[in-house]
Amino acid sequence: DAGITQSPRHKVTETGTPVTLRCHQTENHRYMYWYRQDPGHGLRLIHYSYGVKDTDKGEVSDGYSVSRSKTEDFLLTLESATSSQTSVYFCAISELVSTDTQYFGPGTRLTVL
Amino acid sequence: AQKVTQAQTEISVVEKEDVTLDCVYETRDTTYYLFWYKQPPSGELVFLIRRNSFDEQNEISGRYSWNFQKSTSSFNFTITASQVVDSAVYFCALSEATPVRESSASKIIFGSGTRLSIRP
């Protein structure tokens with residue numbers, strides 16, 4: 001199994017508060033991704049990173065920001081959480097190019113009240 | 001535009017039956033990749049297979065087999081002699097070819113998933 005951890009695994013927060021989710025990998029993979037999973041939508045890409053300090057937007061990036069200061073860590077921040085951001089968030093990594101197989105972390109269940 | 005359709009929202013079969021999960025995709029690319037992932041009740045996403053568009057050979061791995069047909073834009077997944085442990089949500093996904101710029105991540109488009117229940 002790919003060495004990917006996510007923290008926290010569960011979080012309940014209130015509307016308007018900032019939230020940061022962390023993804024940590026031990027595989028030294030270049031690409032890292034954040035997805036959200038919602039019923040009926042499969043997984044949708046929020047942001048991705050193709051190297052340290054190199055990030056770009058995915059298809060549902062509004063309301064989210066990311067940072068990658070080290071190869072192994074990729075942070076997802078909700079600046080001001082809203083109820084529509086209640087979801088399960090998955091981090092993924094791929095080794096070289098982004099069409100390599102993506103391996104997923106265990107997920108973080110976020111509830112925004 | 002890329003699209004992945006998993007028309008079967010839920011399937012329920014009795015243990016030891018064979019079951020096929022359908023996946024139909026749309027893309028204008030000539031080079032692309034197809035994936036299947038399994039999401040058991042515990043919630044993690046488990047990679048099952050990656051197939052590129054130039055390799056139309058069917059793949060078999062134990063009780064699992066995949067049938068890739070470009071003519072019908074389908075990449076179906078069959079479980080033979082199903083077991084209760086096969087109960088999960090299964091996702092099919094499509095990725096376009098390696099992008100020209102390294103900064104551009106190829107989009108991976110996921111289908112909405114098929115929930116498979118295996119009854120003892």
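What follows is calculated from the coordinates using simple rules that are stated; it is not laboratory data. Since the structure is predicted, the reported quantities are computational estimates derived from the model, not experimental observations. Cβ: placed from backbone, ideal geometry, glycine included. Neighbour counts: every protein chain shown.
Legend: translational diffusion of chain A by Stokes-Einstein, Rh = Kirkwood radius over C-alpha pairs, 20 °C, 1.002 mPa s; D = 155 µm²/s.
Entry note, chain A: relative contact order of 35 percent, from Cα contacts under 8 Å with a spacing of 6+ residues. Semi-axes of the equivalent ellipsoid for the range B:1-118, computed as √(5λ) from the eigenvalues of its C-alpha gyration tensor and ordered from largest down, come to 26, 15, 12 Å. Ranking B:Thr30, B:Leu116, B:Tyr64 by Cα position along the charge dipole of chain B, where only Lys, Arg, Asp and Glu carry charges on their C-beta atoms, puts B:Thr30 farthest toward the positive end.
Any idea what diffusion coefficient the protein assembly as shown gets from Stokes-Einstein, in µm²/s, Kirkwood Rh on alpha carbon pairs, 4 °C, 1.567 mPa s? List each step's numbers first, then the result.
Values: Rh = 18.3 Å.
The calculation lands on 71 µm²/s.
For a paramagnetic label modelled on B:Thr72 (point 7 Å from Cα along Cα→Cβ), amide N atoms under 16 Å away belong, within the range B:15-38, to B:19-26.
Among B:Gln39, B:Gln69, B:Gln57, the largest mean-square fluctuation in a Gaussian network model of chain B, built with springs joining Cα atoms closer than 10 Å, belongs to B:Gln57. Relative contact order of chain B, taken over Cα pairs closer than 8 Å and 6 or more residues apart, is 36 percent.
Given the options B:Leu21, B:Leu45, B:Leu34, state which has the largest fluctuation in a GNM of chain B using a 10 Å cut-off (strictly under) for Cα springs. Greatest mean-square fluctuation among the candidates belongs to B:Leu45.
Roughly how many debye, to the nearest 20, is the charge dipole of the range A:8-67 about its Cα centre, given +1 on each Lys and Arg Cβ, -1 on each Asp and Glu Cβ, and no other charges? It would help to have the intermediate numbers written out before the result.
Details: 8 positive and 7 negative charges, 37 e Å.
The calculation lands at about 180 debye.
Springs between alpha-carbon pairs under 10 angstrom, Gaussian network model over chain A: which of A:Ser65, A:Ser94, A:Ser80 fluctuates most? For chain A, modelled as a Gaussian network with Cα springs under 10 Å, the answer is A:Ser80.
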